[in-house]
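Okay, so here's the structure we're looking at.
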Ligand code: PMV
């Protein structure tokens, strides 16, 4: 597939107005994407668990208008959110070529997150993927007779992921589940830099219903945005090795998932998380997004694992929060561990219990 494949034929329908609603979840990368080139293309392949509970629900109302321009309003929890508009405008500019109807309509975008606002959890993956699903659904209405729409489901998901990627790279991995690859990888059939694809190989039952409890260490906005962080990889002296290492790690995960080797999974996933933050520390200028409590939590997870033989482990996003990953079979024990030993390192004791999910759905 190339960019060209996502440019539609002239639309066959003209709709005066309507609305569509989709929900889409967040995702957590196991092999991280950090560093991009050209228009939102990843320097290495990444893979993530799709989540369930941390979701964005979006309704887009559209109404035909006469002049060609970007024209939209965004509401978060029912309140007009002017702060979101520059990001959405930039997104519309990037996707216009692929969904030319976007200049023909006035849009009212109503969105809400199921996770608390300002929890420090990035809503860009769930938000951009939910919006992309809505835009693809509108395009289907303009383009295809209803009876033909179902057979285009697979292409619709690809196009939604393609559009979501242009809003936020990691958003490309939120449309499906439970494991999604984004970025071309020689050992992963169908993988692409342009959109995310469902992980195509065997996943051992040890990983079914895997749990992710997100410990909210810091709810403030990050001091360095992902956009700036990605850019700094252009001059990071370790960048080339890092991109190679990520691709090697993704290859190693194939047999780990097949054999259900949780010990190897733990080593690989924790190393990926720490390498992501090592890249930040090795950037010029350098920066650190972890907080003292992040490190306290990591140390306690390591001690707990040694003491109990548990298979609990962690991963990190570009921030101070900790994703605690563990098998479904350890749910009760890890819930007690988190409550008794980790919760007091969280801001206001807050954390979110999440687990693997299947991606975006219509509402
Ligand atoms: O999607 P962005 O541009 O916000 O980048 C996020 C990158 C990480 O979350 C740090 C890693 C990843 O692969 O999701």
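The values are calculated or read from the model by the stated rules, or taken from the named source; none is laboratory data. Only a predicted model underlies this, so the values are computations on that prediction, with no experimental measurement involved. In this analysis, Cβ positions are derived from the backbone assuming ideal geometry, glycine residues included, and neighbour counts consider all displayed protein chains.
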*Restricted to the stretch 198-223, and to residues that are under 18 Å from the mean Cα position of the chain (by Cα) and more than 30 Å from residue 261 (Cα to Cα), which residue is farthest from the ligand (Cβ to nearest atom)?*
221
*asked:* Can you pull out every residue in the stretch 219-234 that is modelled with pLDDT under 95 and over 14 Å from residue 277 (Cβ atoms)?
replied: 219, 220, 221, 225, 227
*Among the candidates 94, 80, single out the residue that is surrounded by fewer than 21 Cβ atoms within 10 Å (Cβ to Cβ) and away from the ligand (no atom under 16 Å from the Cβ).*
80
*Which residues, counting only those in the stretch 166-180, are touching a strand residue (DSSP E or B) at 6+ places or on another chain (Cβ under 9 Å) and within 11 Å of the ligand (Cβ to nearest atom)?*
169, 170, 171, 172, 173, 174, 180
*Taking interchain pairs and intrachain pairs at least six residues apart, which have beta carbon atoms under 8 angstrom, with the first residue in the stretch 120-148 and away from the ligand (no atom under 16 Å from the Cβ) and the second at pLDDT below 90 and in a helix (DSSP H, G or I)?*
140/149; 140/152; 144/152
*Would you list the helices (runs of 4 or more DSSP H) that sit entirely within the stretch 215-286 and hold 1 or more residues that are under 23 Å from residue 345 (Cα atoms) and in contact (Cβ under 8 Å) with a residue 60 or more places away in the chain?*
262-281
*Mind listing whichever residues of the stretch 1-17 are surrounded by 15 or more Cβ atoms within 10 Å (Cβ to Cβ) and in contact with a strand residue (DSSP E or B) (Cβ under 9 Å, 6 or more places away or on another chain)?*
15
*So residue 115 fits all but one of (1) in contact (Cβ under 8 Å) with a residue 60 or more places away in the chain; (2) in contact with a strand residue (DSSP E or B) (Cβ under 6 Å, 6 or more places away or on another chain); (3) more than 30 Å from residue 276 (Cα to Cα); what number is the exception?*
(3)
*So, in the stretch 33-49, of the ones that are out of contact with any strand residue (DSSP E or B) (no Cβ under 6 Å at 6 or more places or on another chain) and within 9 Å of the ligand (Cβ to nearest atom), which residue ends up farthest from residue 166 (Cα to Cα)?*
34
*Selected residue [surrounded by fewer than 21 Cβ atoms within 10 Å (Cβ to Cβ) and in contact with a strand residue (DSSP E or B) (Cβ under 6 Å, 6 or more places away or on another chain)] from 193, 143*: 193
*Having 2 or more residues that are in contact (Cβ under 8 Å) with a residue 40 or more places away in the chain and not assigned by TED's automatic domain parsing to the domain that holds residue 175 is the bar; report the strands (runs of 3 or more DSSP E) wholly within the stretch 1-103 that clear it.*
none
*In the stretch 305-350, how many residues are within 17 Å of residue 273 (Cβ to Cβ) and more than 16 Å from the ligand (Cβ to nearest atom)?*
8
